[in-house]
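Q: Okay, handing you the structure first.
The values are calculated or read from the model by the stated rules, or taken from the named source; none is laboratory data. Note that this is a predicted model, so its numbers are computed, not measured. FYI the Cβ positions are ideal-geometry reconstructions off the backbone, even for glycines, and counts take in every protein chain you see. Surface areas here come from the heavy atoms of the whole protein model, side chains and all, with no ligands, DNA or RNA. Shrake-Rupley method; radii C 1.70, N 1.55, O 1.52, S 1.80 Å.
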Amino acid sequence: AVVSTQSTGVWTCLVTGANRGLGFEFVKQCVTATQESGGRAHYFCCCRNPDTADQLHQLIKSTSSDKIRFSVLKLDVTSAEDRAAVVNYCTETLQQTGLNLLVNNAGIMPHYCSEGLETLQGSELHRTFQNNFTGPTLLTQGLLPLIRRAATINPRKTKILSISSKSGSVGHPRFMIGGAYDYRCSKVAINRTARNLAAQLGKEGVIVLPVCPGWAATDMGNRGHLTAEVPVVDSIQGVRQAIRDATQNTNGIFVDHLGDYPPW
């Protein structure tokens, strides 16, 4: 998934929720790919609490070099102050290269996960949309000039990835069920936003992917009596393949980690 920009030879990538789960595994696999290719990359790893991101700091310590650089940034996607700080830092750092890949990975699933409309809590509905939809959308807005800058240098190699879920599909036969209003509806919003961005930015060379990583065995995936189906390593391998395979012909289309295109 690593490509170099034509002007500086440095591939740039920002990942939210990079301290654990899918976000951490994504960074880890991309770093390995950078090492194997001999390329150059700068990873912007965002998380709520950088001071406690132990495995991320260990990865950085063991892989950082003159070819592979890291910036660890504090980011709660619901915080306008945090978003502005990240955008300002990236703008100062990436004026020449722009941002090749934005990975909107950070998200939540409410612990109670509403079963029926009667159990839906307004505060949790608001919190879920702020984390899963509003915050990532506004972060993307702030980083858009850098994304456009990268696309002018390397058209069709600049991408926006949003981690979505088939549980938000309106047409998937497995999810013709009720419940989880907050989580599922936030994923519908993510998919619609990705489709809008693809329509707006496609002509500028930007490719947008809403991707379902499968029911991955993360802290979120394994909850209560639930046992996830997909190992995190396999999930991210599939997500990265989806990034590589994405073209203007599939711009904005919902895809999963197996390369299939689930119904909206």
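Q: Any residue in region 128-144 that is in a helix (DSSP H, G or I), more than 17 Å from K187 (Cα to Cα) and not aliphatic (A, V, I, L, M)?
A: Yes, there is a match, as at least one residue in region 128-144 is in a helix (DSSP H, G or I), more than 17 Å from K187 (Cα to Cα) and not aliphatic (A, V, I, L, M).
Q: For C30, are the conditions met, namely being assigned to a helix (DSSP H, G or I), touching a residue at least 60 places away in the same chain (Cβ under 8 Å) and crowded, with 23+ Cβ neighbours inside 10 Å?
A: yes
Q: Please determine, by comparing only the residues of region 11-24 that are open to solvent by 10 Å² or more (accessible area, probe 1.4 Å) and at pLDDT 95 or above, which one is farthest from V86 (Cα to Cα).
A: So the first thing to find is which residues in region 11-24 are open to solvent by 10 Å² or more (accessible area, probe 1.4 Å), and the list is 17, 19-22, 24.
Narrowing further to those that are at pLDDT 95 or above: 17, 19, 24.
Numbers: G17: 13, N19: 16, F24: 18 Å.
This residue is F24.
Q: Further question: Counting only residues that are under 12 Å from the mean Cα position of the chain (by Cα) and among the hydroxyl-bearing types (S, T, Y), how many does region 16-35 have?
A: 1
Q: What pairs come out if I take residues in region 228-243 that are in contact (Cβ under 8 Å) with a residue 12 or more places away in the chain and more than 19 Å from N104 (Cβ to Cβ) and pair them with residues that are buried (at least 19 other Cβ atoms within 10 Å of the Cβ) and among the hydroxyl-bearing types (S, T, Y) whose C-beta lies under 8 Å away, six or more apart or interchain?
A: Qualifying pairs under 8 Å: A228/T218.
Q: Only one of G135, G116 is within 22 Å of the chain's Cα centre (by Cα), open to solvent by less than 50 Å² (accessible area, probe 1.4 Å) and either at pLDDT 85 or above or within 23 Å of W264 (Cα to Cα) (or both); which?
A: G135
Q: Would you check which residues across region 33-51 are surrounded by fewer than 21 Cβ atoms within 10 Å (Cβ to Cβ), touching a residue at least 24 places away in the same chain (Cβ under 8 Å) and assigned to a helix (DSSP H, G or I) and list them?
A: Those that are surrounded by fewer than 21 Cβ atoms within 10 Å (Cβ to Cβ), touching a residue at least 24 places away in the same chain (Cβ under 8 Å) and assigned to a helix (DSSP H, G or I): A33, Q35, S37, P50.
Q: Now for a different question. Restricting region 144-178 to residues that are polar (S, T, N, Q) and open to solvent by less than 80 Å² (accessible area, probe 1.4 Å), which is modelled with the lowest pLDDT?
A: S169
Q: Taking region 221-249 on its own, how many of its residues are of a type in the set (V, I, T), modelled with pLDDT of 75 or more and in a loop (DSSP other than H, G, I, E, B)?
A: Count: 1.
Q: Looking at (1) open to solvent by 20 Å² or more (accessible area, probe 1.4 Å); (2) assigned to a loop (DSSP other than H, G, I, E, B); (3) at pLDDT 85 or above, which one does G252 not meet, given that it meets all the others?
A: Failed condition: (1).
Q: Within region 43-62, is even one residue acidic (D, E), modelled with pLDDT of 95 or more and closer than 18 Å to L14 by Cβ?
A: Taking every residue of region 43-62 in turn, none turns out to be acidic (D, E), modelled with pLDDT of 95 or more and closer than 18 Å to L14 by Cβ.
Q: From the set of residues in region 63-99 that are closer than 19 Å to G17 by Cβ, part of a loop (DSSP other than H, G, I, E, B) and out of contact with any Lys or Arg (no Cβ under 6 Å at 6 or more places or on another chain), which is most open to solvent (accessible area, probe 1.4 Å)?
A: That would be T78.
Q: Say we look at region 181-220 and pick out the residues that are basic (K, R) and in contact with a helix residue (DSSP H, G or I) (Cβ under 8 Å, 6 or more places away or on another chain); which of these is modelled with the lowest pLDDT?
A: Residue satisfying both the conditions and the ranking: R184.
Q: If H57 satisfies all but one of (1) touching a residue at least 12 places away in the same chain (Cβ under 8 Å); (2) out of contact with any helix residue (DSSP H, G or I) (no Cβ under 6 Å at 6 or more places or on another chain); (3) open to solvent by less than 70 Å² (accessible area, probe 1.4 Å), what's the number of the condition it fails?
A: (3)
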